[in-house]
1. Using the crude model of +1 on Lys and Arg Cβ and -1 on Asp and Glu Cβ, and no other charge, please compute the dipole size for the chain relative to its Cα centre, in debye to 20.
2. Pop out the Kirkwood hydrodynamic radius of the stretch 237-308 from its pairwise C-alpha distances, inverse of mean 1/r, in Å to one decimal.
3. Taking Cα atoms, how many degrees apart are the long axis of helix 36-48 and the longest axis of the chain, rounded to 10 and kept between 0 and 90?
4. Contour minus end-to-end for R269 and T4, with contour as 0.36 nm per residue of separation and end-to-end as the Cα-Cα distance?
5. Once both labels are modelled 7 Å past Cα along the beta-carbon direction, what's the E188-E210 spacing in nm?
6. Compute the angle between helix 233-242 and the longest alpha-carbon principal axis of the chain, please, reported from 0 to 90 degrees and rounded to the nearest 10.
7. Which residue, R57, R252, R168, has the most motion in a Gaussian network model of the chain that connects Cα atoms within less than 10 Å?
8. Once you charge only the Cβ atoms, +1 for Lys and Arg and -1 for Asp and Glu, what is the size of the charge dipole of the stretch 110-223 about its Cα centre, to the nearest 20 debye?
Amino acid sequence: MLVTAIEARPVRSLERVRVELEPGIVSVVGPNGVGKTNLVEALYFALTGRSFRTSDRRDLIPFGASLARAEATIRDEDGLERRLLASVSRTDGRRHLLDGSAADPATLARNRPPVAVFAPDRLSLVKGPPAERRAHLDGFVSARWPSRSELRKHFGQALAQRNALLARLARGYGNPADLGIWDAGLAESAAPLVAAREEAIAELAAPFAEAAAELGLEGGATLTYAPRAAGSAEEIRAGLEERREADIRLGRSSWGPHLDELKLETGGRSLRRYGSQGQQRAALLALLFAEREVLLAARLVTPLLLLDDVMSELDPGRRERLVGRLAGGGQALITAADEESLPGPALAAVVRMPPPQLASAAAA
């Protein structure tokens, strides 16, 4: 799938903007403060209905305005064009539409490429809490094996049901014997989720280490999965039963895949705890490139990479290697303050910021 255009009408500082996008690498160039990151965010918003910079979509609404709106045009392998529109209003909430009509999240996801983002704010994926890494890994599982896209949702539902009963039991209400039903449900949904995560890391570990070495992570970089609960559904159910009394005292489930960790390390040391910002940036890039390589090898839809301010802490050699990887297939947007920081292959398609504004009639 190829994104051929993005419109922001408006998003943050972008009032009425339409930008045509080419296949391959597209570089968004302009001085600081002209809206490069806002354009990337608008594209992400149009495709996913979310922002990668804030959990509150209303932050995308310009000061003094009532709504934010972004639309992406997508062309599939057969040349069919679809349009995804995302909007958020201070009064009417949010919408995410496919060709002007409401659609469920699974349908929306099937009609867009997977999206991966590198941005300074995204370093929380490396140095933040484990929950962010689990969610990211589960997103990759969905892209790698679409038939497993509901595993995270099913587990989350089972966990919520068990925790609701545990909370009641902790307050002295209910029958502890009823936990048997929820233990079984949680175990049945946990086992395939853990197995999918393990399989995903098995595929990602080698390309992650290779990309990390190219990007300057010395001492060897590793990507490992550390599950709290592993094994068959029967084994996980037995583990839940062993911890039942402790869980009742806590009022929540203290064991299971909702507590798993995805470890990123170099030289045997945690990048979360001991990595410099430069090392954490390299690790995030390496993870995104590893995911891209695996999906390319599996002949699945290649992720759209959105790389904001990615060149600022890379030396010329590593910039060349980064762009060389991007040239291997798929579509990518790179923001940069000037063209001098970009290797030659990244200059084949350049969007200069700020772009011209659409006429008022076109924005109506």
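Rule-based calculations on the coordinates, nothing more; no lab input. These figures come from a predicted structure and were not determined experimentally. Positions of Cβ are generated from backbone atoms using ideal geometry, with glycine treated the same way; all protein chains shown enter the neighbour counts.
1. Its charge dipole is roughly 1040 debye.
2. Taking the inverse mean of 1/r over all distinct Cα pairs, the stretch 237-308 comes out at 15.8 Å.
3. 50 degrees
4. 91.2 nm
5. If labels sit at E188 and E210, their model points lie 4.1 nm apart.
6. Approximately 60 degrees, to the nearest ten.
7. Highest fluctuation of the listed residues: R168.
8. Result for the stretch 110-223 is approximately 540 debye, rounded to the nearest 20.
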